[in-house]
Amino acid sequence: MRRVAPGRLSSIGAPDDGEDAFESQSAVGRWKGTDVATVTRATFFTRLRTRGLSREQLGYLLVTPALVLVAATILVPMVQTILLSMQTVRLNLPNLPRGFNNFANFQQLLADPVFWSGLSVSALLVLANVVVCISVGMVVALILNESFFGRGVVRAAMLIPWAMPGVVIATLWRFMFNDQYGVVNDIILRLGLVSSYQNILGGPWALPGVMVAMIWRSTPFTTFLILAGLQTIPPELYEAAKIDGASGWKRFWHVTLPMVRSSLMIAVIFRSLDAFREFDILYNLTVGGPGVTTQNLALYTYKTYFAFLNFGYGATLALAMMLISAVVVFFYVRLIGLQLSSRGEG
Amino acid sequence: MTSISGRRFRRRAILGGGLMAAAGALLAACAPAPAASPTTAPKADTGAASAPAAKPAASKEVVTLGFASQYTGGTQLEDDKKLVGKFVAENPNIKVQFVERPAGGAQQNHDWQVTVYSAKDSSLDIASVDTGAQWPAEFAPAGWLEPIDDILPKNKQEKLMPQMIYQATHAGKIYALPWMNDVGVFYVRKDLLEQAGKKTPVTWQEMVETSKAMAKPPDMWGYIPCYRKDEQLTCNLQEYWWSNNADMTDKDGKVTINSPEVVDAIQFAIDLVKTHKITPEGVNNLLLDEGRQIFTEGKAVFHRNWGYAWQRAQSGESKIVGKVEMAKIPKWGPNGTHVTNLGGWSYVVHSASKKKDESKKLISWLGELPQQMEKYLFSGNPPAHMDAYTPESLAKYPPEIRAFAGPYFEVSKTAKSRPRHPQYREMSEIIQNEAQAAILGQKTAKAACDAMAQQLAPFLKDWKP
Amino acid sequence: MATVDSTLAPAATTRAFSIRHLIWRVGFYAVALFILLMFVFPYYWQLITALKPQQELYAMPATWFPSRLYFDSFVRVFTERPFLTFMRNSLFVASITTALALAVGSLAAYALARLPIKGRIFILAGILSATMFPGTSIIGPLFMVISSMGLVNTFPGLIWPYTSFTLPFTVWVLTNFYSQIPLELEEAAEVDGCSPLQAFYKVIFPLAAPGLATTAILVFISAWNEFLFALTFTRTNDVKTVPLGIAGFTGIRDEIPWGEVSAAAVIVTIPLIALAIIFQKRIIQGLTAGAVKG
């Protein structure tokens, strides 16, 4: 790693400050260029050892930078969000008096129809995503768990939606959903589902349209999670069930499903959290329109912050999002935490 | 003991410090160097971009101004760059770097600009702002704009559209230099009306009757407004209810947006699509200029747009060259009023700019008559300088533009401005949300207006028109 | 076990069974093909949109095969848009983010996997929760901090939040990778006189290299694709990353130049798809390992 970083520095062309900082702060010295890779590392670690840092101390030392970064970027803003949510702060009215505003933002939240519609859009997106991604993902995972000609191709193809930027997915579907030259209209017209071209993203079908794009992107990841679970099932279980004369369906119901239950749980939690925080696709596909029919809480929070510059109320919305996520995270951490602690002991 | 723990402490500091220093060094090295980009800026810009921060700007030192045009792309942006290029050629100590704005409508532009301003990002010196959508009413009290009384004294202000000067003035100081005089125009296919033996409609109701007689969707629509969730929707709706002698509030600031007149206006917007079927459902999602394309493709009899659409209708891409007429925005029945919505864009200087003098010099130059007239010709956006409409000036335009500019100027003097409120952006969004819900059939017009009234009440509590 | 025959159809030799077997097989391949189509078709559509001549984009009904291949959209992406600059910015931001996240993350992960730290479970749980929270829920205060530090519209203003946001994931996945390496190897190294750090460097690190590579790919892709922070913290083309650049493509008056957008999308996704295909097993393993096995 260290060999990479300074090299990159010099190739970027302004290494001077960085190296000065190294020299002045590092008692080891000569952390320059290739020296780092060859000489310094060895002496540094040897000294470290001879000076006898206990394993525990070393552990804290290694963990600290990561914790500091995460705390500074995630934890501190969380606390700030809580503080902001109790004040009236508008960046476009800088002279407003600051200070505790008697939970006015929370009263506003409860009476705000856009918040409630945002919450229901978020809930619908989560629900549709979880149900469709998990069920389609299950089928696809079962298929991918078999070996067949072209399995690698299918699996690689599944990675395409996962690897694409959300912006690209949104523009792609926006063009496919176009009310005049979109291919989706062409398909549904040919299938006889509609009698004329529909304005999908501008009408009542906007939310299902958004769901399709989100599901298209998320199903692969869900599939791989389930697949990972499937692959842990020992083949002997199936053999045993077969000997007992269980049909394919029964084998699925009594062997497969119980064995992948924990993967499914985790997939549900992942999907819920991902769908709940969805922003890229919505922002680029419909911007929440028409009306507020596709505006979820994330988009509304973003707008309140950066279009209306209402940082007090924006923080209140953000806090609501945090609390909702926290509930889901809590279950997840418990689920994973159990596995962690059991492994820690064992 | 102490010495050991001391050494330990130092060692910890060394490693921690080293890591932090490494991170710091990496971060320091990645400060953007716009000049280094081989694809964009020529070498001359290179030094300029980084120089001002380092040394106090001497008079002959080259400075680079960050400039946000109204245009987000295409030939208009290119032409705008050429226009500014003339100024740069005359002022060798000033370079201009165009800052790209997001596409998608005036509101997204607004949102982009306020994040720049609230970050006190000094890389943006000059911007073109939507005076009609009350950006100056938000930006000036927020302290983001530099007063420009020194380059725009009263005698110069008198040459510019008075309503725009009014919108640009706050607490006795002027903050924005108007360059585009934009008002709503009702475009009419006079050739089709003649063929059908119809007159240009004076009221909305006549417009509906004429449209129903002439429309053959999807090849020929009656009326194309813009109902996309953007400021455009609010503008269209305001014209409906203004023409019905109604408004968001009465003179005392009492909320009247759920009055029967406004409800009728919203219902009218719905009926155009749902009942009369003279307007395509797609207008709910069409960009302003996509609607304009339907009209200039010859697929609609009537169209509501701004001044620029005239020039588009006369250009090579249009299939209706010479077949269009401008008319007053219809009134609401015999007792209604012809009202057009005041739009318009102005130049402002960012208060966090480090190059205010040069910035003012540039916008002052852009605000002069010849530059405004030149911009009119390449963009189709009519100028805010009133001398651009004198007989001498009109004589300099091509005939098809001359024919439009005179009457347009007269109409524009009567334009009505939107509520001058620092949170107009948010208020407008409330109107759009509820109106679109009504247009989609999720709510009745009455329910939508009641919801608007409820949500707008906090904004209008201490506000008077 | 893992063949179509053994699990989906009873292994039998009679004629009736082999017909059933055949139907199974056909049905199976039909479903597999359908899935393939569902996931590939939108991408195919993107590709042909990029390759269609301008007028054909607006044909009604849409044409399913371009009448002729037309590369103008690809050319215009580079000649008329600062797309190379966007690519370069993204490459830079994503690489530095990856390097930093791996440097800081692998040390922490090693400590969490191997060294006796009190409150290890709490740290891990905290780190895990941090990956789960929506970026939107902290973007406001983060914007205030970043703008007050003058980091708006700079590369550090992006790299800092990217690193911090990918770090929990990095630590989590790497902890998992390190834990899978047999402890005995390390103990042997320490018996030979290595310090824990040397053991890490000489024994664990090489063994964990595949894990590191996988994590690097995942971090790189997530930084490459990131939109929310890029939207909030960047302004000008010399800092904008690819997703923001593509989102900002416009035509003459705000309409979307579909050909160019598609061409740009194809160009940026090709490297990702190549990565995804080459390292597909690794990626899938990395994506799921952290979540499933804990």
Revision key, fill the gap. Taking the alpha-carbon centre of each part, the distance from region A:267-281 to region A:293-325 in Å is 16 Å
Exercise for review: Please turn the phi angles of region B:134-147 into ³J(HN,Hα) values with the Karplus equation 6.51 cos²θ - 1.76 cosθ + 1.60 (θ = phi - 60°), one per residue in order, whole Hz, x for glycine and proline.
Suggested key: 6, 4, x, 5, 8, 6, 5, x, 6, x, 8, 10, 8, x
Check your understanding: Semi-axes of region C:129-196's equivalent ellipsoid from the Cα gyration tensor, sqrt of 5 times each eigenvalue, largest first, rounded to whole Å?
Key -> 38, 15, 8
Check your understanding: What lysines could a cross-link reach from C:Lys202, if we take a straight Cα to Cα line under 29 Å and drop same-chain neighbours fewer than 8 places away?
Key -> A:Lys32, C:Lys118, C:Lys281, C:Lys293
Check your understanding: For the pair C:Gln180 and B:Ala196, how long in nm is the line joining their label points, each one 7 Å along Cα→Cβ?
Key -> 7.1 nm
Point to revise | Cα-based Lys proximity count in region B:147-206, under 16 Å, for pairs eight or more positions apart or on separate chains | key: 4
Check your understanding: From largest to smallest, what semi-axes in whole angstrom does region C:17-138 give when each is the square root of 5 times an eigenvalue of its alpha carbon gyration tensor?
Key -> 44, 32, 13
Review point. Using a 1.4 Å probe on protein heavy atoms only, how many Å² of accessible area do C and B hide from each other, summed over both chains and rounded to 100?
Key: 2700 Å²
Practice item. With a point put 7 Å past each Cα toward its Cβ, work out how far A:Ala240 is from B:Asp387 in nm, to one decimal. Key: 9.6 nm
Review point. Considering amide H positions built from the backbone, and no H for Pro or chain starts, which residues 5 or more places from B:Thr340, or on another chain, come under 5 Å of its amide H?
Key: B:Lys416
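Starting from the Cα gyration tensor of region B:310-464, take the square roots of the eigenvalues, sort them a ≥ b ≥ c, and report rounded, prolate or oblate (rounded when a/c is under 1.5, otherwise prolate if a/b is larger than b/c, else oblate). Show your work: numbers first, answer last.
On the way: a/c = 2.31, a/b = 1.33, b/c = 1.74.
Oblate.
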**Study point:** Selection of GluC sites (Glu not before Pro), region B:256-313, meeting DSSP coil and at most 14 other Cβ within 10 Å
**Key:** B:Glu297
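Which helices of chain C meet both criteria: a Cα extent of 30 Å or more along the helical axis and a mean Kyte-Doolittle score no lower than 1.0, with helices taken as whole DSSP H segments? Numbers along the way, then the final one.
Numbers: long enough: C:15-51 (51 Å, 1.27); C:83-114 (45 Å, 1.30); C:155-180 (36 Å, 0.56).
Passing helices, by number: C:15-51, C:83-114.
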Study note, to complete from the structure: Applied in sequence order to region A:53-62, the curve 6.51 cos²θ - 1.76 cosθ + 1.60 (Karplus, θ = phi - 60°) yields integer Hz couplings, x standing for Gly and Pro, of 8, 5, 4, 5, 4, 4, x, 4, 4, 6
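Which value does Rg/Rh take for region A:143-258 over its C-alpha atoms, Rh per Kirkwood? Show your work: numbers first, answer last.
Working: Rg = 19.8 Å, Rh = 17.4 Å.
Rg/Rh: 1.14.
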Revision key, fill the gap. Once Lys and Arg are counted +1 and Asp and Glu -1 for all other residues with Cβ under 14 Å from that of C:Met60, the total becomes -2
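Exactly which trypsin sites (Lys or Arg not before Pro) in region B:384-465 are in a DSSP loop and have at most 11 other Cβ atoms within 10 Å?
Numbers: sites: B:Lys396, B:Arg402, B:Lys413, B:Lys416, B:Arg420, B:Arg425, B:Lys443, B:Lys446, B:Lys461; in loops: B:Lys396, B:Lys413, B:Arg420, B:Lys443, B:Lys461.
Passing sites in region B:384-465 are B:Lys461.
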Study note, to complete from the structure: With 0.36 nm assigned to each residue of separation and the Cα-Cα distance removed, B:Asp357 to B:Asp219 gains 44.3 nm
Exercise for review: Name the residues whose placed amide hydrogens come within less than 5 Å of the amide hydrogen of B:Lys331, ignoring near sequence neighbours (fewer than 5 apart) on the same chain.
Suggested key: B:Thr203, B:Trp204
Point to revise | Near-label residues of region C:24-58 by backbone N, under 12 Å of a point 7 Å along Cα→Cβ of C:Val75 | key: none
**Study point:** Full-extension gain in nm, B:Lys254 to B:Phe378, via 0.36 nm per residue minus C-alpha separation
**Key:** 40.3 nm
Study note, to complete from the structure: Here the gain from full extension of A:Phe148 to A:Leu75, 0.36 nm per residue of separation minus their alpha-carbon distance, amounts to 21.5 nm
Exercise for review: Based solely on C-alpha atoms, express the radius of gyration and the Dmax of the protein assembly as shown in angstrom.
Suggested key: 31.6, 106
Practice item. Keeping all protein chains in place, calculate the accessible area per residue for chain B (probe 1.4 angstrom), answer in Å². Key: 38 Å²
Check your understanding: Mind listing the Cα extents of region B:383-465 along all three principal axes, in Å, largest one first?
Key -> 52, 33, 17
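Roughly how compact is region C:142-294, stated as its Cα Rg over 2.2 N^0.38 Å to two decimals? Display every interim value, and only then the final one.
Details: Rg = 20.3 Å, N = 153, 2.2 N^0.38 = 14.9 Å.
Here the Cα radius of gyration is 1.36 times the empirical estimate.
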Study note, to complete from the structure: Set B:Lys95/B:Lys356; B:Lys229/B:Lys328; B:Lys328/B:Lys416, cut-off 18 Å on Cα-Cα distance; pairs above it are B:Lys229/B:Lys328
**Study point:** Amide hydrogen neighbours beyond the local backbone of B:Met161, cut-off 5 Å, H modeled
**Key:** B:Met386
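Determine the shape class of region A:253-321: with a ≥ b ≥ c the square roots of the Cα gyration tensor eigenvalues, call it rounded for a/c under 1.5, and otherwise prolate if a/b is greater than b/c, oblate otherwise.
Details: a/c = 4.48, a/b = 2.38, b/c = 1.88.
The shape class here is prolate.
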Study note, to complete from the structure: Within the under-13-Å Cβ sphere about B:Leu192, not counting B:Leu192, Lys/Arg +1 and Asp/Glu -1 give a net charge of +4
Study note, to complete from the structure: Between the modelled labels at A:Lys250 and A:Ser195 (7 Å from Cα along Cα→Cβ) the distance in nm is 5.1 nm
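If Rh is defined by the Kirkwood formula over all Cα pairs and Rg also comes from Cα, what ratio Rg/Rh do you get for region B:330-420?
Values: Rg = 16.6 Å, Rh = 15.4 Å.
Taking Rh as the inverse mean 1/r over Cα pairs, Rg/Rh reads 1.07.
Is the shape of chain C rounded, prolate or oblate, going by the alpha carbon gyration tensor and its root eigenvalues a ≥ b ≥ c, with a/c under 1.5 for rounded and a/b larger than b/c for prolate?
Details: a/c = 2.49, a/b = 1.11, b/c = 2.24.
The shape class here is oblate.
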Revision key, fill the gap. With +1 at each Lys and Arg Cβ and -1 at each Asp and Glu Cβ, the charge dipole magnitude of region A:206-346 around its Cα centre, to the nearest 20 debye, comes out at 120 debye
Study note, to complete from the structure: For region B:380-395, in residue order, the Karplus 3J(HN,Hα) values (coefficients 6.51, -1.76, 1.60; θ = phi - 60°; whole Hz; Gly and Pro = x) are x, 7, x, x, 8, 7, 6, 5, 6, 10, 6, x, 5, 5, 4, 4
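The values are calculated or read from the model by the stated rules, or taken from the named source; none is laboratory data. What you see is a predicted model, and the numbers here were worked out from it, not measured in a lab. Glycine gets a Cβ as well: all are built from the backbone with ideal geometry, and neighbour counts include every protein chain shown. Surface accessibility is based on the protein's heavy atoms, side chains included, excluding ligands, DNA and RNA. Shrake-Rupley method; radii C 1.70, N 1.55, O 1.52, S 1.80 Å.
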